[in-house]
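What follows is a single structure, written as structure tokens, with notes after it.
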Amino acid sequence: MAHRPTGRTPRGEVLLSLRGISKNFGAVSALTGIDLDVHAGEVVALVGDNGAGKSTLVKVLAGVHQPTSGTITFQGRPVTMASPSAALDLGIATVFQDLALCENLDVVANIFLGQELNPLRLDEVAMEVRAWTLLHELAARIPSVREPIASLSGGQRQTVAIARSLLMDPRIIMLDEPTAALGVAQTAEVLNLVERVREKGLGVIMISHNMEDVRAVADRIVVLRLGRNNGVFTPDASNQELVGAITGATDNAVSRREGRIQAGRAQAEDAL
Amino acid sequence: MTEPKIQLDRGDSRVTHATGLGGTIRAFFNRVKAGDLGSLPVVVGLAIIWSVFTALNPIFLSPNNLVNLLFDCSTVGIIALGIVCVLMLGEIDLSVGSMSGVGSAMVGVLWVGQGVPLPVAIGVALGLGALIGAAYATLRNRLGMPSFVSTLSGLLALLGLQLYMLGSTGSINLPYGSGFVNFGQLLMMPAWLSYALALVPGVVMVASGLRTNARRRAANLSAGSSGGLLLKAAITTAVLVAVVAYLNLGRGLPWMFGLFVGLVVVMDYALTRTQWGRSMKAVGGNAEAARRAGINVRRIYISAFMLCSMFAALGGVMSSARLASASQQAGTGDVNLNAIAAAVIGGTSLFGGRGSAWAALLGIIVIQSIANGLTLLNLSSSLRYMITGGVLAIAVIVDSLARQSRQSHGRA
């Protein structure tokens, strides 16, 4: 695991700032008073248990859901995102957990969906070249860009979805569980990609259940619990702290093992 | 042939690529086996239908009967073209028959009854179609009303409007000898023009194919073989010239059919080569994905329903010219189902996301061949309805089976 200095000051200005974001679905409050900042050139990991509101928050930022209350500030200006295209226009690109690809269209059509070159006379050659360039940048292994998405594996679909999000040169890219369906090599590749994106000065919001992945690339780890902020951690926070913040319980399997290990050490020291 | 580096799209050794003529033909058979049938079932079905009818009554294949067939195809075919648009989204418009009846009544009432100039009357009919289509789409977008229900109520409401417009007389005769009625019944292209038009597809195929191949090579992408391209163009041209020559043995190629094919070509271009067409397929395949990609899904629905109702109105206008009358019977009976059946038989999926403008052309030729052949055999319309219904059922079964096969072969 790459070692990262603690308390690293984010470079660049605040790109995105959320204050008091709430979202209700009927009687259910999926999000309550969420605050979140994303700086340019920073990877923010969003972690939390199932139902913590991570995906809802991503959908709010992607313009899929509108927040019930709260303000979103993007590059210093308060913004409302009434639709996914509004978010895209601002420069917030999203890779959704369910990928949101059209299975009946081929890879090129999916990457350029809604952003086709030359709308009145589609430039298929230029689009195919750009698609291959994006896929090669990701070191992707896609057999053919002219096959419908239905013929691709889960990992290949993930790669297509990520390639699509980069097409528009976004300011912020959000990845919802980007490595969940990927093999070892592809996971490493996606994490490399996240680093590359950060080096370009983009803000990255990454949702993951995999603490290894989170620690490998995140600059800050934001924990959500039951739709509320539950602490911000640095990547070298202990597993115990993180799991405690995520589950809200200080007594769990991780903490008990940690306790046993420390007790064992103490005994060993006593014995010496 | 020297290759400086591996082509962009040939970097993966796991994929087999069709090379040369033999490869192209093998790829075709593999596609069919995987359930990507394209227009194959239609062509096979058409061959069977034509052989049977010719065996039963040789007049069926006479040039003049085929010319009549083309006239009949044009009116319902234009309606089917609109149906392709809504089916592409996985929606349906059940009111196209009534809408075409209103279109024909509009021409009768405004042009013959009120003395309004014909182009204005046609314009009003199309405008009303656009309005009705926008209403269906709005009901769907804003209220979530399934198009099945909204257009079913539209079917009855528009039929009422048609009856109201025609009033007590029940039918309005359009003047024989007017250019409009001639267009619907008599007007043929000059032979030289029909031959020239038969050459156009082949020429366009070769020109655009060679240009695309050159651009692909310049961009370091693999390009198709020029031999295969020339062969395809040659076959197409030969078939078209033979058809035109055969029709010219009779009355010739109707202008009205020319209009229909022209509309098919325009729609095919719009559906396959423009951003709008791409968005249509995307919405039909996965509306939520399309929305998240920034496509204005509501606008796509509006455009499809408007086009469908406008094509229906235009089809009605053309059928009034064909029949030289605007009557209460226009657009009733089997018009509705024939239009929908044509689109489905031609290969447009009822499940959305798949289809082409050519489906309307191929499908309507099948449907009208059956109607025409049965009429030649002096069979009553009762039997005709039953047989057409059976053919529609078979077409939907083929569609469903092909869809299952596509899913298991990963072809969506």
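Quick notes on this structure:
- Matching residues, the range A:165-181, being of a type in the set (S, T, N, Q) and in contact with a strand residue (DSSP E or B) (Cβ under 8 Å, 6 or more places away or on another chain): A:Ser165
- Checked across the range B:219-227, the condition of being in a helix (DSSP H, G or I) and more than 14 Å from chain A (Cβ to nearest Cβ) holds for at least one residue.
- So B:Gly90, is it under 20 Å from B:Leu307 (Cβ atoms), assigned by TED's automatic domain parsing to the domain that holds B:Ala371, in contact (Cβ under 8 Å) with a residue 60 or more places away in the chain and not in a helix (DSSP H, G or I): yes
- Residues satisfying the stated conditions in the range A:182-236, i.e. touching a strand residue (DSSP E or B) at 6+ places or on another chain (Cβ under 7 Å) and among the acidic types (Asp, Glu): A:Asp219
- Count of the range A:45-88 residues which are under 21 Å from A:Gly248 (Cβ atoms) and without any contact (Cβ under 8 Å) to a residue 24 or more places away in the chain: 1
- Where a residue in the range B:50-70 is in contact (Cβ under 8 Å) with a residue 40 or more places away in the chain and its partner, wherever it lies, is of a type in the set (Val, Ile, Thr) and surrounded by fewer than 15 Cβ atoms within 10 Å (Cβ to Cβ), with Cβ under 7 Å and at least six apart: B:Phe60/B:Thr54; B:Asn65/B:Ile59
- Out of B:Ala289, B:Ala198, B:Ala245, sole residue that is more than 11 Å from every other protein chain (Cβ to nearest Cβ) and surrounded by 20 or more Cβ atoms within 10 Å (Cβ to Cβ): B:Ala198
- Of all residues in the range A:109-151, those satisfying the criterion of being of a type in the set (Asp, Glu), buried (at least 20 other Cβ atoms within 10 Å of the Cβ) and either in a helix (DSSP H, G or I) or more than 7 Å from chain B (Cβ to nearest Cβ) (or both) are A:Glu124, A:Glu128.
- When B:Gly250, B:Gly228, B:Gly258 are checked against the criterion of being closer than 24 Å to B:Gln7 by Cα and touching a residue at least 12 places away in the same chain (Cβ under 8 Å), a single residue qualifies: B:Gly228.
- On the stretch given as the range A:218-266, residues that are outside any helix (DSSP H, G or I) and more than 27 Å from the chain's Cα centre (by Cα) total 1.
- Hits in the range A:162-185 - residues which are surrounded by 16 or more Cβ atoms within 10 Å (Cβ to Cβ), more than 10 Å from chain B (Cβ to nearest Cβ) and in a helix (DSSP H, G or I): A:Ile162, A:Ala163, A:Ser165, A:Leu166
- For the range B:25-40, the condition of being modelled with pLDDT under 70, surrounded by 11 or more Cβ atoms within 10 Å (Cβ to Cβ), in contact with a Pro (Cβ under 8 Å, 6 or more places away or on another chain) and not polar (S, T, N, Q) holds for none of the residues.
- Verdict on B:Ser327 being in contact with a Gly (Cβ under 7 Å, 6 or more places away or on another chain), within 14 Å of chain A (Cβ to nearest Cβ) and in contact (Cβ under 8 Å) with a residue 40 or more places away in the chain: no
- Flag for B:Val200 being assigned to a helix (DSSP H, G or I), under 25 Å from B:Leu259 (Cα atoms) and not assigned by TED's automatic domain parsing to the domain that holds B:Val297: yes
- Residues in the range A:199-224 that are at pLDDT 85 or above and basic (Lys, Arg): 2 in all.
- Among the residues here, A:Met81 qualifies as farther than 30 Å from A:Ser153 by Cβ and within 14 Å of chain B (Cβ to nearest Cβ).
- Count - residues of the range B:127-151 that are touching a Leu at 6+ places or on another chain (Cβ under 6 Å) and either in a helix (DSSP H, G or I) or within 19 Å of B:Ile172 (Cα to Cα) (or both): 2
- Of the residues making up the range B:348-404, those that are in a loop (DSSP other than H, G, I, E, B) and surrounded by fewer than 21 Cβ atoms within 10 Å (Cβ to Cβ) are B:Leu350, B:Phe351, B:Leu377, B:Asn378, B:Leu379, B:Ser380.
- Identification of strands (runs of 3 or more DSSP E) wholly contained in the range A:1-92 with 3 or more residues that are surrounded by fewer than 22 Cβ atoms within 10 Å (Cβ to Cβ) and either over 18 Å from the mean Cα position of the chain (by Cα) or modelled with pLDDT of 90 or more (or both) yields A:14-25, A:28-39, A:69-74, A:77-79.
- Qualifying residues in the range B:174-186 (those that are surrounded by 16 or more Cβ atoms within 10 Å (Cβ to Cβ) and hydrophobic (A, V, I, L, M, F, W, C)) - the one nearest to the other protein chains (Cβ to nearest Cβ): B:Phe183
- Any hit, the range A:222-239, residues being of a type in the set (A, V, I, L, M, F, W, C) and more than 17 Å from A:Leu36 (Cα to Cα): yes
- Flag for B:Gly352 being within 14 Å of chain A (Cβ to nearest Cβ) and not charged (D, E, K, R): yes
- Scanning the range B:191-202 for residues that are under 14 Å from B:Ile235 (Cα atoms) and either touching a Lys or Arg at 6+ places or on another chain (Cβ under 7 Å) or free of Cβ contacts under 8 Å to residues at least 12 places away in the same chain (or both) yields a single hit, B:Val200.
- Qualifying positions in the range B:95-117 - crowded, with 22+ Cβ neighbours inside 10 Å and either of a type in the set (Lys, Arg) or not in a helix (DSSP H, G or I) (or both): B:Ser95
- Candidates B:Phe311, B:Phe305, B:Phe260, filtered to the one that is crowded, with 23+ Cβ neighbours inside 10 Å, in a helix (DSSP H, G or I), touching a Lys or Arg at 6+ places or on another chain (Cβ under 8 Å) and away from chain A (no Cβ under 14 Å): B:Phe305
The values are calculated or read from the model by the stated rules, or taken from the named source; none is laboratory data. Just so it is clear, the structure is predicted and the values come from calculations on it, not from any experiment. All Cβ positions, glycine included, derive from the backbone under ideal geometry; neighbour counts span all protein chains shown.
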